[in-house]
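Report on the structure given below.
The values are calculated or read from the model by the stated rules, or taken from the named source; none is laboratory data. Computed from a predicted model, the values in this text were never measured in an experiment. Positions of Cβ are generated from backbone atoms using ideal geometry, with glycine treated the same way; all protein chains shown enter the neighbour counts. The accessibility values were calculated without ligands, DNA or RNA, using every heavy atom of the protein model including side chains. Shrake-Rupley method; radii C 1.70, N 1.55, O 1.52, S 1.80 Å.
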Amino acid sequence: MVMHLLEGMHYAVASRPDHGILGHLHGWLYGRPFRGRRRRRLLVLFEPKRVSYASAFAFLSGAPTFEARHDVEIRLLPTEKALRGALPAGLGDATHVVAQSWLTDPLERHQRLADVLDAFGPDAVTAYLDTSANADIRLARVFAGVDFYFKKSLFTDRAAHLKPTYGHTNLTDYYGRLYGVPQEETDWCVPPGALPKLHLAPNFLTAPALRRAFLRNGPPPGQAAREITLHARLGGTEADNAYGAMRRAALRAVEDLGQGVVTGTGIPYRRFMQELSRAKICFSPFGYGELCWRDMEAIAAGAVLLKPDMSHLETTPDLYRNNETYLACRWDFADLPERVNELLADDARRDRIARTAWEAARQYLLEEGPVETYAPLFR
């Protein structure tokens, strides 16, 4: 319990560096000098946004194991502090540096961060941690000088990262064409030399709240006691783009299913999770990228994850094994009624899928999977 409270406090402090007592704690938790007791010194430059911090937090929660396995001392510092000028005393001699920026930052900010990484010199091991939802690696051109490029999802066919798309992503390409949304072709000019540098980062389950959900309690309730047929609270339907067209189509598909379907938005998070714990199935269409918080929330709550086919991607841990850890539907949702009905007709199948996914996620965290996922940094 104490560990979980401390983990929650870490994020509260990270996201409020100028807020009263939290501001004082921020200076103590983030930016302390290395003690020099380990052969390696890793500096993680992180963005204190919910999505990006989920990836950076794995270094903090797993610090003792990183230290034991890789003889490394870890310090975290907000990216913005590193961009303001000189690093705090005692951090400039890092032997390894992992850095985050935010997808929608101006190009100039990304470039400044690339310069910060270059300044550590040729002997330092550097990595960019891309935490954006989309599967493309559009920032690989900016961070061409790093040794590693980490991302939560990568195309199984790595060469797909080099291909232009209709719109900005593979999803805008598919849904823009499907729904006739006018877009421009986009080529992110990814250098082919970036492909050997690609490595997976952990999925969202390393976020403080999700990590607690998987580790704090035993297995979630089984399927027999669940009265909600399908949970599908879908936002984004108002967006005037390919994403909005896709989300509107997804909402129409679930509304056509009839009784037992929960839709709508704008409810408190606690109620959202309580509903998931009472749901047999959670429908999680794509967002701006394939991976969604809802995927991990559904698995943590014991609902069967129903999602458009994910076989084109690699993720870690691998929680997208069709009919093992989730059930795949078509990207155009045409087979959604069939997939829902076959799940509802087989209680044992739903129990098996939900339990297998939950156990795989929990085991990854229990065994300090993120430490192994980031191990290439130290090889």
Legend entry - Residue within the stretch 326-343 that is open to solvent by 10 Å² or more (accessible area, probe 1.4 Å), touching a Cys at 6+ places or on another chain (Cβ under 9 Å) and either among the β-branched types (Val, Ile, Thr) or part of a helix (DSSP H, G or I) (or both) present: yes
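Just checking, does the stretch 118-131 include any residue being farther than 19 Å from residue 154 by Cα, crowded, with 18+ Cβ neighbours inside 10 Å and without any contact (Cβ under 8 Å) to a residue 60 or more places away in the chain? Let's see the steps before the verdict.
So the first thing to find is which residues in the stretch 118-131 are farther than 19 Å from residue 154 by Cα, and the list is 118-126.
Subset that is crowded, with 18+ Cβ neighbours inside 10 Å: 120, 125-126.
Add one more test, that the residue is without any contact (Cβ under 8 Å) to a residue 60 or more places away in the chain, and what stays is 120, 126.
Yes, that holds for at least one residue.
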Legend entry - Restricting the stretch 199-212 to residues that are at pLDDT 95 or above and open to solvent by 30 Å² or more (accessible area, probe 1.4 Å), the residue that is farthest from residue 296 (Cα to Cα): 199
Inset, instruction - Restrict the check to the stretch 219-230 and report whether at least one residue is in contact with a strand residue (DSSP E or B) (Cβ under 7 Å, 6 or more places away or on another chain), of a type in the set (Lys, Arg) and surrounded by 15 or more Cβ atoms within 10 Å (Cβ to Cβ). - result: yes
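Quick check on this structure: which one of 326, 320, 364 is within 21 Å of the chain's Cα centre (by Cα), of a type in the set (Phe, Trp, Tyr) and under 21 Å from residue 224 (Cα atoms)? If you could, list the steps in order and put the result at the bottom.
Values: 320 fails: under 21 Å from residue 224 (Cα atoms); 364 fails: under 21 Å from residue 224 (Cα atoms).
Residue meeting the stated conditions: 326.
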Legend entry - Matching option when the condition is of a type outside the set (Ser, Thr, Tyr) and either more than 16 Å from the chain's Cα centre (by Cα) or over 19 Å from residue 207 (Cα atoms) (or both), among 93, 130: 93
Legend entry - Members of the stretch 46-81 found to be in a helix (DSSP H, G or I) and of a type in the set (Asp, Glu), listed by number: 67, 80
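For the stretch 105-119, state whether one or more residues are of a type in the set (Gly, Ala, Ser) and farther than 22 Å from residue 379 by Cβ.
First pass over the stretch 105-119, keeping only residues of a type in the set (Gly, Ala, Ser): 114, 119.
Restricting the remaining residues to those that are farther than 22 Å from residue 379 by Cβ gives 114, 119.
Within the stretch 105-119 (the criterion being of a type in the set (Gly, Ala, Ser) and farther than 22 Å from residue 379 by Cβ), the answer is yes, since at least one residue qualifies.
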Legend entry - Residues that are within 26 Å of residue 294 (Cβ to Cβ) and out of contact with any strand residue (DSSP E or B) (no Cβ under 8 Å at 6 or more places or on another chain), drawn from the stretch 133-156: 133, 134, 138
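Could you please find all residues in the stretch 173-192 being in contact with a Phe, Trp or Tyr (Cβ under 9 Å, 6 or more places away or on another chain) and open to solvent by 30 Å² or more (accessible area, probe 1.4 Å)? Give the derivation first.
Keep residues of the stretch 173-192 that are in contact with a Phe, Trp or Tyr (Cβ under 9 Å, 6 or more places away or on another chain), which gives 173-178, 181, 183-186.
173, 174, 177, 178, 183, 184, 185 - these are the residues of the stretch 173-192 that are in contact with a Phe, Trp or Tyr (Cβ under 9 Å, 6 or more places away or on another chain) and open to solvent by 30 Å² or more (accessible area, probe 1.4 Å).
Residues of the stretch 266-286 being of a type in the set (Gly, Ala, Ser), modelled with pLDDT of 95 or more and either farther than 12 Å from residue 231 by Cα or not in a loop (DSSP other than H, G, I, E, B) (or both), which ones? Show your work before the answer.
Within the stretch 266-286, the subset of a type in the set (Gly, Ala, Ser) is 266, 277, 279, 284.
Going one step further and asking which of them are modelled with pLDDT of 95 or more, we end up with 277, 279, 284.
Of everything in the stretch 266-286, those that are of a type in the set (Gly, Ala, Ser), modelled with pLDDT of 95 or more and either farther than 12 Å from residue 231 by Cα or not in a loop (DSSP other than H, G, I, E, B) (or both) turn out to be 277, 279.
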Legend entry - In the stretch 133-153, residue surrounded by the most Cβ atoms within 10 Å (Cβ to Cβ) [restricted to those that are in a loop (DSSP other than H, G, I, E, B) and basic (Lys, Arg)]: 152
Inset, instruction - Check the stretch 154-162 and report whether any residue there is assigned to a loop (DSSP other than H, G, I, E, B) and surrounded by 14 or more Cβ atoms within 10 Å (Cβ to Cβ). - result: no
Legend entry - Residues (of a type outside the set (Asp, Glu) and closer than 27 Å to residue 120 by Cα) located in the stretch 141-187: 141, 142, 143, 144, 145, 146, 148, 149, 150, 151, 152
Legend entry - Index of the failed condition, residue 372 passing every other in (1) of a type in the set (Asp, Glu); (2) closer than 23 Å to residue 247 by Cα; (3) open to solvent by 40 Å² or more (accessible area, probe 1.4 Å); (4) not in a loop (DSSP other than H, G, I, E, B): (2)
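Conditions tested, residue by residue: (1) open to solvent by 10 Å² or more (accessible area, probe 1.4 Å); (2) of a type outside the set (A, V, I, L, M, F, W, C).
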site	(1), (2)
261	yes, no
265	yes, yes
276	no, no
280	yes, yes
296	no, no
303	no, no
306	no, no
314	yes, yes
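Every residue, every condition in (1) open to solvent by 10 Å² or more (accessible area, probe 1.4 Å); (2) of a type in the set (A, V, I, L, M), yes or no:
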position: 70; (1), (2): yes, no
position: 85; (1), (2): yes, no
position: 89; (1), (2): yes, yes
position: 95; (1), (2): yes, no
position: 101; (1), (2): no, no
position: 104; (1), (2): yes, no
position: 107; (1), (2): yes, yes
